[in-house]
Structure formats: structure tokens, C-alpha cells
Amino acid sequence: MTSLAHPQLRFTPTVADPSGPRELVILGSTGSIGTQAIDVVLRNPDRFRVVALSAAGGRVELLAEQALRLGVHTVAVADPAAEPALREALAAKAAGRALPAVLVGPDAATELAAMECHSVLNGITGSIGLRPTLAALAAGRVLVLANKESLIVGGPLVKAVAKPGQIVPVDSEHAALFQALAGGTRAEVRKLVVTASGGPFRDRTRGQLAGVTPQEALAHPTWAMGPVVTINSATLVNKGLEVIEAHLLYDVPFDRIEVVVHPQSVVHSMVEFTDGSTLAQASPPDMRMPIALGMGWPDRVPDSAPACDWTKAATWEFFPLDDEAFPAVELAREVGTLGGTAPAVFNAANEECVDAFLRGGLAFTGIVDTVAKVVAEHGVPASGTSLTVEDVLHAEDWARARARELAAG
């Protein structure tokens, strides 16, 4: 098989680089990834120009402000109920500037993903990003991928349409692997080492995790992220998803992908080569660096984020993962090995269980325990060349319903 994210290959998009700034579409512009991407764009107007934005619809004032400040020609909102407020906000903030066209509905982001541009940054949260991911790839755009779920749940579908080098990952871990892999050939790679902060509970035993509250779980010690990703970091489900993503992006077997806990979150991941040498990518925890790398690849964007200060003493720690306290990574390996619709079931069940936990209806340890039950009940997944988007969506619907039943218990 061919590596989807190959750092030594540069995919040539259907729309070539213009003489001016690189044209971008940003999906999920009002979320954490989207707002930081826009910050990078605003500080580098000679390099980037945003032509379209999409968002779910919960922050229409911010979306309107972004659209007008960037001068985009199209803005999309997934929730039809948000359209009147979006149009009102655009009109109120326009101050004589031209209003962008407005697309509305669940397929609006998918339409934007296929529009004429150089690169599409998919910063949508959740598996709803699958159709936009497929649309961008099919249209021949460079896909700057922050929406790991679309690759995880639609692995065979994405691999069938993506060309080598067409995907540039944005997750800090995968951006690190992407850079470190440039230091050798594929045949020289022994293993991928994915680092994990360990979240706020890295020193706790499984017994000590039972009474964790949502407020405690949302207090991540290093990263500022959305609530779902923050809870996923606390359970290490996020790291399990990243292991599956690494397998799909780099075509490395699961038994050669290792997870280690690194509380300082400065070494974002490492590649060990067959001669015993290890290359690590290090930078202070700031998502603007991998975002800028993805949008600008193969060129780096100067001063996109602060660098390490080597004049100050620092200590980096690395610990083995406690699989008993945090079983999500091993469960993800099993799910990834099953393939087909199993990752979609894993991801969808987890999203429902996280929601139940945040509402106080499920214990912290019950999140992964319930996901494991749903995965086990799913049985043999649909897989192979016959897998369709409808198969994935059907499996997700079943997993969500079953997870809600079990969580309600």
C-alpha cells in the first residue's frame, strides 16, 4: 500500500499555486483549529488568502466577523436555523463591504470542500467531516487534515481516492511524524512513537478514576481544546484514534506504533529507524505551528509559533502507558485491526458516551467500558472494497443508539 501522507512527495493540486497568496478553504472556522488557522492567515497575508469558510452555526457572530475581515466570497453554515442570524450579522457588520454568498445545510461544507482553491483545511470536529474530506480529495485539492475522525471512520474510502502526498496532517503528533519521517526512507523505519500528555489524570489508577467529574476532566494541563477532544485526551481515546490515524496515514503496522506518556508536551512524536537512531520533533505546545506547516507545505511559515528556549534549563519526561487505567489505546488497536466499519462504531459510541458523561449520566471509567461493549456487540464489521459511505453512516447510527441505551443503563 501507499502512504497517504508522504513527507518526501509533494502533491500537485488541480488548481495550481497562483502567483499571489495561496487560496484556502477553511472548514470549521469558528472552532479551535479554525480560529488559530485564521490567526496564521492574518499574520501572513502575502502567503494565504481564504476564499470560503464553513461552521456548524453555533457562533454566527464570530463567523460573520471572520468572513468580512477575510473578504471571503462564500460562507456556509450547517444548521439551517442559524441562517437568519448569520445574514443579520453579516449585514450589521458589513460597513459597506460586499457580502459573501451564504450556503446552508448539512451538505454546505461538502460543497465548499470541492470548490476552486489550492488547499482545504478540514477543521470540523467529528465524523461529519467525512464527506467534505472525500469531496476535497476527489476535487484534487491538497487536504490539510485536522479532522482525524473522517480518516479513521472512512479509512478504506479515503485511501481509495487520496493520492500520495495529497494529505498533510495537522494533529501535532502526526505533523511531528510527518516531519521526522523525512529523515529516512520507508524501509528504514522501525517504529513510530506517538507521545501523549497523559491528560489531567496520568498518575491515577483505574480505581481513582471512577469518581472523576466533568469539570476535572475538562481541565487539561497543557492544551486548550474543545470539550469533546479534551475529554478524549483525559480518557486517552484521542490517543487511540491517533494510533489508527498513524496506521492509515503512514502504512505502518499497529505492532510498530508505540504510545508513551510525555507530560511536558514538547516532543510531539518520534520515529525510530532501523539503525537505532530516533528523530523527534520538538516545539512548545502551540497548534499554530502544525496548522501553518499544513497550510504552507512544503514551505515553512516563519514565526508561526514560538520555538523552544534552549537558554533555559528544562526536563523532559517519558513514561510507559498504563493500559489498565487507560484501556482506550489497546481497544483502538483492536478496532483498527478489525477495520471496515469497526472504527466508525468506536468513534460514534465514544462521542455519545462523552456526551453522557458531560451531562452527568455516565461515570468517567464508563466511557471506554461502554464503547468496548458496543464494539463487541457490533461483531464482524463491513469491510473491503464493498465499503460505502452509507455503510459507515449506518454503523454510526447503530453505535450511537446502542451507546445511548447502555449509558442510560
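The residues on offer are D323, D309, and the sole one that is without any contact (Cβ under 8 Å) to a residue 12 or more places away in the chain, surrounded by fewer than 19 Cβ atoms within 10 Å (Cβ to Cβ) and closer than 21 Å to Q208 by Cα is D323. Residues in the stretch 95-118 include none that are under 18 Å from the mean Cα position of the chain (by Cα), surrounded by 24 or more Cβ atoms within 10 Å (Cβ to Cβ) and part of a loop (DSSP other than H, G, I, E, B).
For the stretch 68-87, the condition holds for at least one residue, the condition being that it is farther than 23 Å from V389 by Cα, at pLDDT 95 or above and of a type in the set (K, R). Among the residues making up the stretch 139-165, those that are of a type in the set (V, I, T) and surrounded by fewer than 24 Cβ atoms within 10 Å (Cβ to Cβ) are V158, V161.
Across the stretch 244-255, the qualifying residues are those that are of a type in the set (A, V, I, L, M, F, W, C) and part of a helix (DSSP H, G or I), and the one among them that is surrounded by the most Cβ atoms within 10 Å (Cβ to Cβ) is L249. Under the condition of being in contact with a His (Cβ under 8 Å, 6 or more places away or on another chain) and under 16 Å from V371 (Cα atoms), which residue from the stretch 209-243 is surrounded by the most Cβ atoms within 10 Å (Cβ to Cβ)? Filtering first and then ranking leaves A234.
Of the helices (runs of 4 or more DSSP H) lying entirely inside the stretch 286-372, those containing at least 2 residues that are among the acidic types (D, E) and at negative phi are 328-338, 342-358. Report yes if R131 is modelled with pLDDT of 95 or more, touching a Ser or Thr at 6+ places or on another chain (Cβ under 6 Å), among the charged types (D, E, K, R) and buried (at least 16 other Cβ atoms within 10 Å of the Cβ), otherwise no. Considered against the rule, which asks whether it is modelled with pLDDT of 95 or more, touching a Ser or Thr at 6+ places or on another chain (Cβ under 6 Å), among the charged types (D, E, K, R) and buried (at least 16 other Cβ atoms within 10 Å of the Cβ), R131 comes out as yes.
The values are calculated or read from the model by the stated rules, or taken from the named source; none is laboratory data. What you see is a predicted model; the values in this text were computed from it and never measured. Note that each Cβ is placed from the backbone with ideal geometry, even for glycine, and that neighbours are counted across all protein chains shown.
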